[in-house]
Structure formats: C-alpha cells, structure tokens
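The values are calculated or read from the model by the stated rules, or taken from the named source; none is laboratory data. Owing to the predicted nature of the structure, the values given are computational and were not obtained by experimental measurement. With ideal geometry, Cβ positions are generated from the backbone for all residues, glycine too; neighbour counts draw on all protein chains shown. We work out accessible area using only protein heavy atoms, side chains counted, and drop any ligands, DNA or RNA first. Shrake-Rupley method; radii C 1.70, N 1.55, O 1.52, S 1.80 Å.
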Amino acid sequence: MKGAIKILIVIFALLLSACVRRPLVDPKDAALLNVRFVTDGIHNVTCDIYNPNVEVPAITSEMLRILIYDASGYPILSQGFASTKSVVDGYELFTEPLSLSMGEYKLLSYNFDLDAIRIYDESSYNTIKATTTEVPKYYYDRFGSRADDIGAIYYAPEHFMVARAPKLSVQEHNDVKHINLEARTVVDTYYVQIRITGAQNMAQNAACQAVLTGVSAYNCFGPDIRSEDEQASIYFEMRRNTDPNTPVGKNEDVLCAVFNTFGKIQDANSKLYITLSILTRDGKTHQKVVDMTPIFESEDARQRHWLLIDEVWDIPAPVVSGGGGFAPDVDEWEDIEETIPIGPRP
C-alpha cells in the first residue's frame, strides 16, 4: 500500500513539473509589438508656434488598440490593447506581446482613449475611418439663422496617432520577433486669430464660439486617405489674448485659438468660411463671418498652418436704454461671486 502511495506521489510531481515547463506560446509564434509616438514636426504643437501665450494640445495616451488583418485587408483576424508604456529618449513607447503564426498580415494601432473621435467600418483595413461626433443641438442656437447655412457641426478631433504595417510578413523564427512601428498623427493643427477693438465690451470670461466650414469630415486611416467628397463644419472656441508679434504702438488685442481638423480638402470647391459669435456685457450676441479661402492659400497657412485674418473686428459697447419707470436704465452685466451658506439658521 505504501509503495502505491509513493508511486502516486511521484506521478503527481511529474505532472506538476510538466505544467510548469510547458510554454504558453509556441516560440515560433512569439512576437513583441513596439509602438513609438512620434510628435516631431507638428505645426503649432511642437514647431512653428506663433503665439506662445496660447496653450497647445498635449499628445499622449494610456492605451492603444491593435488590429491585425488578413494580408488582403479583410477580415480582422485578431485584436487587442497595449497599455504597457515607457518613455525612451523623450518618446512614449508602448509594448505588447503578440502571437503570430507564419504568414502575411496588415496591422493597425491607434490611441484608444479619446473623447470626440469615433471609429467606423473597421471590418476592413482599407475602409476603417476616424471621424468625430456632432455637437449637441443647443450649440446651433448660438449661431442663430447662420446655423442653417453652416449645416451639421462636429467637434474638432483630438490628435489621432496611427501606426501601420501594411505588409507584415512573419517567417519561421525561434526567437521573439520584434515589430517596431512609429505612430504619427493624421490630424492637422492650425492657429487662427483676428484682431479686435473694444475687448473690454465682451462678457467677462465668455469665449468666442467659432465654426469653420469646408474641411475634411474623416480619415480612412488604414491607407491614410482624407475625405475629399464629404465636407464637415467643426466647432471650437477662441479666447481673448494678445499678439506678441504686434508692431509697437498698435493694438495687440486678438481673439485666437489652436484647433485641430482632419485637414483642408485639396483641389476641391470647399466653402471655407469661419463664423464667429461673441456675447457682450449687455447680453447681446454679435457675429462675424469671414471667407477663409484666401487665408488658407497664404504662405503662412500653407507652410506653418497660421490663419491670420487681416481684419479688425470692433466689439460694440453695451447698449444702455433710457430712464423711467417703464424704461429703466440697463447697466452692463457683471460677474458677482458670493458664498451662500447652506444649513440650519443660527
């Protein structure tokens, strides 16, 4: 009996040993994906900064999505996520182990933790596209009757970082295969400004609402093709600031912003207009519409993505009505901060 027990113990130990030594992934299928975020040369973010007083968008991520397609681009064979991040030589580097048998593939990876961007038609490498969501309906009210001419308004996109391997060949190997890719943005960043007078007449802390029409609606980011036939209008906000490049003695007040877009439509009859809407201290809304086509064709716009509107917008003073019991004077709006105690009366 004791001998039988010893034999069973030995067999159990051998089984445990076999479980420990069995590899989880066949070495011939082991791969390691390395994706480096490359942010060099992005106008108005990492180079060609026109106005250092304006905050630029940070380009970072905590998670990437990974899509592996058949060599033809259809269908999706597998997908996953990469969240292991380090910083190497100043660049964010994501790493994720993969299991890839011998064969030919296409691979896409992109930053997954974004608010405005949505992904559609992902079943094919050649059709997958990134676009943004439409703004809520109450945003349209800020532009009054002009909203009918603007059409559908969408949020401006965040920087969408894409890494591609359109021809990924996996041959027989005994060591871990390293797949090293660079992720770059498919989004353009522009700086826009217009000079103003009467800046003190704006409602305190109020932003200028802006809509730019005639830009690309999406990017098919597998082949990296921007929409040429479908135009979009994007919403962003401009803030009161000063232009550090203003000649001495000139008024330096401006409304300006750094904003993103999927790009200007090339060689197309896009209607590039910007509609600006502000609130003055008497609660009234004032608008200005500017034809942006000649500005986009300027050297500053083509080479540095600076949209410098060569006009001055005079912000009108608040309107004060006459006196009397039925027509009282209306003072300018003021922002009052007061602490209201909550609790039982003393």
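The figures follow:
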{"read-out": "Average accessible surface area per residue within the stretch 44-140, 1.4 Å rolling probe, Å²", "value": "51"}
{"read-out": "Cβ-based net charge around residue 273, under 11 Å, with every Lys or Arg adding one and every Asp or Glu removing one", "value": "+1"}
{"read-out": "Local electrostatic count, residue 113, Cβ distance below 14 Å [Lys/Arg +1, Asp/Glu -1]", "value": "-1"}
{"read-out": "3J(HN,Hα) from dihedral phi, the stretch 99-106, Karplus parametrisation 6.51/-1.76/1.60, rounded to Hz, x for glycine, proline", "value": "10, 10, 6, 4, x, 10, 9, 10"}
{"read-out": "Under the Karplus curve 6.51 cos²θ - 1.76 cosθ + 1.60, θ = phi - 60°, whole-Hz ³J(HN,Hα) for the stretch 156-173, x wherever Gly or Pro sits", "value": "5, x, 6, 6, 9, 8, 10, 10, 10, 9, x, 9, 9, 9, 10, 9, 5, 8"}
{"read-out": "Anisotropy class of the stretch 42-178 from Cα gyration tensor, a/c 1.5 cut", "value": "oblate"}
{"read-out": "Square roots of five times the Cα gyration tensor eigenvalues for the stretch 80-158, Å", "value": "38, 18, 9"}
{"read-out": "³J(HN,Hα) computed for each position of the stretch 32-42 - Karplus, 6.51 cos²θ - 1.76 cosθ + 1.60, integer Hz, glycine/proline x", "value": "10, 8, 10, 10, 9, 6, 10, 10, 5, x, 8"}
{"read-out": "Over the stretch 207-272: Kirkwood hydrodynamic radius from C-alpha pairwise inverse distances, Å", "value": "14.0"}
{"read-out": "Long-range amide H partners of residue 225 with built H, under 5 Å", "value": "220"}
{"read-out": "Links that overshoot a 29 Å alpha carbon limit, given the list 85/106; 85/167; 129/284", "value": "129/284"}
{"read-out": "When the stretch 201-321 is reduced to its Cα atoms, the Kirkwood hydrodynamic radius in Å", "value": "16.2"}
{"read-out": "Counted charge near residue 287, where neighbours are those whose Cβ lies closer than 10 Å (Asp, Glu -1; Lys, Arg +1)", "value": "+3"}
